[in-house]
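What follows is one structure encoded as structure tokens, with my remarks underneath.
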Amino acid sequence: MTCFEVLLELHPPHTLTLRRPQVPPACPSSRRHTRKIRIFNVSYRAAINVSESVSQILPAELSAAAVLINYWNKTVNNAAWITMCLVVAVAINVLGAGAYGEAEFIFASIK
């Protein structure tokens, strides 16, 4: 008796059911989270909190990158480094997942 025949004896084909995996909806987690909240004021404030935090994180990260790069090269203004980092970040986001994977590999190699 082969392995396949043993499997067929243990699990006959008519008893097997194919289940679709549970895939979350294709929307950001903040929107999905606020849909669960039925009170409009709380839902609205949660969305505002998310947008405020995102709008504050990007400038802070760009400034930190400029200060770190300025540690090695003090002749160039920080605004130039911030602009360069912003252009790289936007380019990676525009080009998609393949560019993100390549950039991640390059940045990890540099690190």
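For the range 35-111, what is the accessible area per residue in Å² when the probe is 1.4 Å? Show your work: numbers first, answer last.
Working: 6330 Å² over 77 residues.
Here the residues of the range 35-111 average 82 Å² of exposed surface.
What shape does the range 61-111 take by its C-alpha gyration tensor, where a ≥ b ≥ c are the square roots of the eigenvalues and a/c under 1.5 counts as rounded, a/b above b/c as prolate, and the rest as oblate? Walk me through the numbers before you get to the answer.
Working: a/c = 3.17, a/b = 1.72, b/c = 1.84.
Cα axes put the range 61-111 in the oblate bin.
Under the 0.36 nm per residue contour assumption, what length would be gained going from the current alpha-carbon distance of Thr83 and Ser109 to full extension?
Numbers: separation 26, 0.36 × 26 = 9.36 nm, distance 2.30 nm.
Full extension from Thr83 to Ser109 adds 7.1 nm.
The values are calculated or read from the model by the stated rules, or taken from the named source; none is laboratory data. Please read these numbers as outputs of a predicted model, since none were measured by experiment. Areas reflect the complete protein model, heavy atoms only, side chains present, ligands, DNA and RNA absent. Shrake-Rupley method; radii C 1.70, N 1.55, O 1.52, S 1.80 Å.
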